[in-house]
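To start, the structure itself, in structure tokens.
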Amino acid sequence: MTDKLEIWLPVKGFEDYYEVSNLGRFKSLERITIKSNGVAQTKKETIMKLGYYSNGYLQFSGLVNGERVTAIAHRVVAEHFIPNPTNLPIVNHKNGIKDDNRVENLEWCDKSYNALHFLYDFEKINKKSKVSISYTLEEAISIIEDSLKGLKNKELCAKYKLNKHTIYNLLKKKDKLQEIRKIKVEKFNNTKH
């Protein structure tokens with residue numbers, strides 16, 4: 001982990017049940033619970049194991065009065081430790097690692113900044129990673145546009161000579177790629193004047 005001092009704060013709305021730390025960890029607090037058979041038991045304080053959403057982000061999930069509560073872990077960390085005076089809507093992972101929820105790795109941002117950060121990470125991965133990405137950013141945007149025009153995945157595979165898994169994984173990123181395209185168009189239009 002890190003030598004940084006871990007600071008714990010009660011999770012807003014669930015102060016008697018859970019705490020979140022500046023290192024991105026969550027803990028369930030000691031409390032008395034009533035089992036389904038009516039017997040009271042003491043639940044000891046424990047560091048929680050977080051699950052993953054299908055998009056790779058960590059999920060905080062717990063029980064409060066028998067009802068499941070879930071939240072995006074990095075958003076909970078940011079809401080508790082990072083001021084957001086301009087009410088920016090998105091929490092960005094500075095290093096691009098989706099499950100690194102330490103405060104120093106998170107920042108509030110808008111959609112445009114988040115999309116540009118994704119572009120930076122995309123190009124960095126494409127140049128330095130041992131994992132080969134078989135398309136350029138421009139091709140990725142074209143694939144997204146063709147998908148929005150109604151081309152099926154099988155047709156996209158044939159047109160771009162990519163396998164179905166590559167197309168599927170790319171289309172999961174389409175919201176960010178569309179935002180990048182919008183930014184590029186805006187920059188192009190601004191340079192024409």
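Every read-out reported here was derived from the displayed coordinates using simple, explicitly stated rules and does not represent laboratory data. If you're wondering where the values come from, they're calculated on a predicted model, not measured in any experiment. Positions of Cβ are generated from backbone atoms using ideal geometry, with glycine treated the same way; all protein chains shown enter the neighbour counts.
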Q: Tell me which residues come under 5 Å, amide H to amide H, from GLY24 once H is placed; ignore anything under 5 positions away on its chain.
A: VAL103
Q | ALA158/ILE47 FRET efficiency (R0 35 Å; Cβ-Cβ; nearest 0.05) | A | 0.10
Q. At ASN65 and ASN95, where each label point lies 7 Å from the Cα along Cα→Cβ, what is the point-to-point distance in nanometres?
A. 4.0
Q | q = 0.18, 0.25 Å⁻¹, the stretch 1-56: log10 I(q)/I(0) [Debye, one scatterer per Cα] | A | -0.75, -1.04
Q. Given the pairs LYS27/LYS94; LYS44/LYS98; LYS4/LYS27; LYS4/LYS98; LYS12/LYS172; LYS4/LYS35, which span a C-alpha to C-alpha distance of over 27 angstrom in this model?
A. LYS44/LYS98; LYS12/LYS172; LYS4/LYS35
Q. What residues have an amide H closer than 5 Å to that of VAL64, excluding those fewer than 5 places away on the same chain, when H is modeled at 1.01 Å from N in the peptide plane?
A. VAL69
Q: Provide the per-residue ³J(HN,Hα) series for the stretch 11-23, in order, calculated from phi with Karplus coefficients 6.51, -1.76, 1.60 and θ = phi - 60°, each as a whole number of Hz, with x at glycine and proline positions.
A: 6, 4, x, 9, 4, 7, 10, 9, 10, 10, 10, 5, 9
Q. In nanometres, what is the gap between the two model label sites at THR86 and ASN55, each 7 Å from Cα along Cα-to-Cβ?
A. 2.2
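Once fully extended, how much extra length lies between LYS27 and LEU171, figured as 0.36 nm per residue of separation less the alpha-carbon to alpha-carbon distance? All intermediate terms of the calculation are to be shown ahead of the outcome.
Values: separation 144, 0.36 × 144 = 51.84 nm, distance 3.49 nm.
Once the chain is fully extended between LYS27 and LEU171, it gains 48.3 nm.
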